[in-house]
Amino acid sequence: MGRLDGKVAVVTGASKGIGSGIATVFAQEGAKVVAAARGEEVLGFAAKLREAGFDVTGVRCDVSSYDDCARMAETAEEAYGHVDILDCNAGICVLDDFLTGSDTWRDSHIDINIKGVWNACKAVAPFIVKAGGGAIVITSSVTGDMVADPGEVAYATTKAALVGFTKALARELAPKNIRVNCICPGYVRTPLVEGMAKQSDPDDPERAIRAIASAVPLGRLGTPEECGKLCAFLASDDASYLTGIQAVIDGGSTLPETTSMGQ
Ligand SMILES: NC(=O)c1ccc[n+]([C@@H]2O[C@H](COP(=O)([O-])OP(=O)(O)OC[C@H]3O[C@@H](n4cnc5c(N)ncnc54)[C@H](O)[C@@H]3O)[C@@H](O)[C@H]2O)c1
């Protein structure tokens with residue numbers, strides 16, 4: 001018995017990184033999964049999961065387009081007859097200086113990280129209402145609401161916004177029997193973080209990864225599957241009385257009062 005047996009779940013940003021972990025764990029937990037992402041690699045990702053015996057449909061969707069999100073929702077309904085779960089995970093993080101960074105840099109984060117979640121929820125939630133209720137899980141971050149590093153102003157702004165979005169939507173959709181929660185990951189080893197490591201230490205990106213790990217009380221970065229397990233819990237009936245929460249999953253990285261004392 002899986003936690004998500006009989007459920008249909010739509011996952012955005014599912015082609016790699018955290019989203020691929022979420023889609024894989026959802027499938028392992030018994031859900032039929034619509035895996036969506038911007039590029040066509042998501043179709044290959046879905047095909048691999050099907051080869052492994054899971055029921056997964058890949059769909060291309062740029063979440064910054066509402067029309068794409070509407071098509072994604074219709075694809076799910078057509079393929080499986082109902083939609084119970086939406087996991088809004090697609091997002092970008094590009095570091096730049098606030099004083100010299102362009103408006104395009106700012107707007108790309110707003111368009112994908114904020115409007116993308118808004119679009120996906122707006123397109124998919126009516127189907128979840130039709131199914132009698134369900135759950136929405138949103139990938140925010142510890143960045144923005146809890147911590148921030150130089151270069152992260154655009155990203156942090158959008159991820160903090162998702163905490164407010166989660167709470168307001170949770171309040172509004174509760175009477176429709178839809179729970180809305182967000183996860184706030186610390187560093188998770190994904191192509192995104194590997195790209196950031198390359199940017200900060202081009203000569204030895206692994207050195208940058210080790211430096212991140214050494215600042216985490218559990219001594220390592222998280223995995224996409226660990227995030228997937230948390231999302232599966234939040235999406236499942238085991239979390240039936242949880243709504244509007246931010247679940248921090250960071251190996252304790254936001255716990256230290258300083259980075260150097262007590263070591
Ligand atoms: N990796 C981390 O340490 C970390 C920490 C906290 C939060 N997050 C968040 O987790 C989510 C996934 O991050 P990741 O590290 O796996 O990133 P990633 O770059 O490895 O993967 C991002 C995924 O999102 C998709 N995507 C990007 N823009 C899209 C768009 N416009 N429409 C549809 N899909 C789009 C990509 O195709 C890909 O599937 C993001 O929202 C990110 O902000 C990541």
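The values are calculated or read from the model by the stated rules, or taken from the named source; none is laboratory data. Computed from a prediction, not measured in an experiment: that's the story for all the values here. Counting neighbours? That spans all protein chains shown, and the Cβs are built from the backbone with ideal geometry, glycine included.
Taking (1) at pLDDT 95 or above; (2) surrounded by fewer than 21 Cβ atoms within 10 Å (Cβ to Cβ) in turn, Thr190 satisfies each apart from (2). Looking across region 80-105, just one residue is crowded, with 16+ Cβ neighbours inside 10 Å and more than 26 Å from Ile183 (Cα to Cα), and that is Tyr80. The helices (runs of 4 or more DSSP H) falling completely within region 1-85 that include 3 or more residues that are out of contact with any Leu (no Cβ under 6 Å at 6 or more places or on another chain), without any contact (Cβ under 8 Å) to a residue 60 or more places away in the chain and within 14 Å of the ligand (Cβ to nearest atom) map to 41-51, 66-80.
Residues of region 140-171 that are in a helix (DSSP H, G or I), closer than 26 Å to Ala215 by Cβ and among the small types (Gly, Ala, Ser): Gly144, Ala154, Ala156, Ala160, Ala161. Per this entry, Val124 is counted among residues that are part of a helix (DSSP H, G or I), more than 13 Å from the ligand (Cβ to nearest atom) and in contact (Cβ under 8 Å) with a residue 60 or more places away in the chain. Does region 23-30 contain at least one residue that is within 20 Å of Ser108 (Cβ to Cβ), of a type outside the set (S, T, N, Q) and either modelled with pLDDT of 95 or more or touching a Lys or Arg at 6+ places or on another chain (Cβ under 6 Å) (or both)? No: zero hits. All conditions but one from (1) touching a Leu at 6+ places or on another chain (Cβ under 6 Å); (2) within 13 Å of the ligand (Cβ to nearest atom) apply to Gly252; the one that does not is (2).
Counting only helices (runs of 4 or more DSSP H) that fall entirely inside region 174-263 and contain at least 3 residues that are assigned by TED's automatic domain parsing to the domain that holds Gly21 and either touching a Cys at 6+ places or on another chain (Cβ under 8 Å) or of a type outside the set (Ser, Thr, Tyr) (or both), the qualifying elements are 224-235.
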